[in-house]
Amino acid sequence: MNDTIGALTRTVRGRVIDGSDPDYDDARAVYNAMHDRRPLAVVRCTDSADVMAVVAAARDTRVPLAVRGGGHSVPGFGTVDDGLVIDMSPMNGVRVDPARKVARVGGGATWGDVDHATYPFGLAAPGGVVSTTGVAGLTLGGGIGYLTRSAGLSIDNLLSADVVLADGRQVTASDYHNEELFWALRGGGGNFGVVTSFEFRLHQVGDVVGGPLFYDVDDATAVLQCYRSYIEEAPESLGCFFGWQIAPRLPFIPENRVGELFCVLVTCWNGPHEEAERVLRPLRDVAEVQAEQVASMPFPALQSAFDDLVPKGMQNYWKADFTSELTDEAIAAHVEHGKRTPSVHSSMHLHAINGAAQRVGADETAFGHRDKSFSPVIVGMWPDPADNEANTTWVRDYYAAIHPHSDGEGGYINFMSGDDDHRAAANYGANYERLSAVKAAYDPDNLFHVNQNITPVKGM
């Protein structure tokens, strides 16, 4: 393997960092500190040619290959033991065409990179809710965020993608080229190749009215019931998710309530600002708001507002489902277990995925759960490995309580943990068989298997 590392060092323009390099420990570290893996080398690719070289090296030597965009993968898919890591973080350029309302985004960009480039034009691409999240991973899994109800998932706004395939070629996938590959990329995860750039449709998004509303935990049932009913009929320009939050020390939190648990509604109104008060009024009236930071702000400010609560290097363990209905029984289970939220970094986020996201047909993209209205994720996140057992138990117990009230058809692949690989078929939903056929056509030997893996099955 030393010959392969040496050949890569001579071939690629990016840095090839192996165990002898003083930066090796920093290069191999990923967002979730539970994954302490030791790859043969991390290659910080600068362009598609570098990516092609690493793909060829992994294929020819039959070593595992991991692909890293933002590095946020909870199961640690951005690293691997005894294999090669394609680190695309240097490939983070964003080029905006304001006339066409289109952006070309490098495969290593984060949503913060995109927001920085698009905001001066009063534009945005639908992304997530944390700016340090990688564009690639979030998009390939679907892309749920503040703009989902008004503009759809990230994949619904993907116009084309440049992809390095297992055979070493780079191709463009779109509605007009490699159409079946393009279909699979929109929800099929990293199973089909390395996406080196994305082309997104942009939307008019400048300053929004948004931020969190904090309520007493005793009001959580009423708040969840209000959220359930209102988000079904609210204007689609309103993005909103429910969560739990132990109050950090922030200027808008009363000093005597720092460290207390609250339930929160995090809002994003991308409509006329003069209508914000009317639109948000039902959320304010459901219970007394104990603290808030709802104001007019640049969209990138809202996108990055929670970055400090989810830093790199924490222990992470998550569980998720999809559900088409939030029943009273489900709400009771959420309240029972949400009251036990163990860490300021931990939560349960209940994302609404109705509106524009539901107007895309179930077979138009690989994202197979278009009939679902909510995507709950139990986010276990804490700093000390000594607390792993207690925190993972909280996540598992919470999940066990809400799962019987979910649709039982899988969850959002971007919210899965490493022990959810057995759920892959359900997570991809009714499109799994078609995805297996596309996988067989583009990656028959399953080179790209460090992911929520799809088994390549020929002749389907």
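The values are calculated or read from the model by the stated rules, or taken from the named source; none is laboratory data. Keep in mind it's a predicted model, so treat the numbers as computed, not measured. Ideal geometry is used to build each Cβ from the backbone, glycine not excepted, and the neighbour counts take in all protein chains shown.
Residues satisfying the criterion are present in the stretch 305-323 (criterion: assigned to a strand (DSSP E or B), within 27 Å of Gly70 (Cα to Cα) and small (Gly, Ala, Ser)). Kindly check whether there is at least one residue in the stretch 63-76 that is in the same structural domain as Val163 (by TED's automatic domain parsing), of a type outside the set (Phe, Trp, Tyr) and in a loop (DSSP other than H, G, I, E, B). No, that holds for no residue.
Just one of the listed residues (Ser324, Ser296) is at pLDDT below 95, under 27 Å from Thr133 (Cα atoms) and more than 18 Å from the chain's Cα centre (by Cα), namely Ser324. Evaluation of Asp25 against the conditions (1) part of a loop (DSSP other than H, G, I, E, B); (2) more than 24 Å from the chain's Cα centre (by Cα); (3) within 24 Å of Asp387 (Cβ to Cβ) shows that the sole unmet condition is (1). The listed residues are Gly189, Gly206, and the only one of them that is modelled with pLDDT of 95 or more, under 30 Å from Pro90 (Cβ atoms) and not acidic (Asp, Glu) turns out to be Gly189.
None of Pro120, Pro126 is over 25 Å from Val51 (Cα atoms), at pLDDT 95 or above and either in contact with a Gly (Cβ under 8 Å, 6 or more places away or on another chain) or in a loop (DSSP other than H, G, I, E, B) (or both) except Pro126. The residues listed here are Ala301, Ala333, Ala287; of these, the one that is part of a helix (DSSP H, G or I) and either in contact (Cβ under 8 Å) with a residue 12 or more places away in the chain or loosely packed, with under 14 Cβ neighbours inside 10 Å (or both) is Ala333. When the stretch 392-414 is limited to residues that are in contact with a Ser or Thr (Cβ under 7 Å, 6 or more places away or on another chain) and of a type outside the set (Gly, Ala, Ser), the one that is farthest from Asn191 (Cα to Cα) turns out to be His405. Filtered by the rule that a residue be part of a strand (DSSP E or B), of a type in the set (A, V, I, L, M) and buried (at least 19 other Cβ atoms within 10 Å of the Cβ), the stretch 196-253 gives Val208, Val209, Leu213, Leu238.
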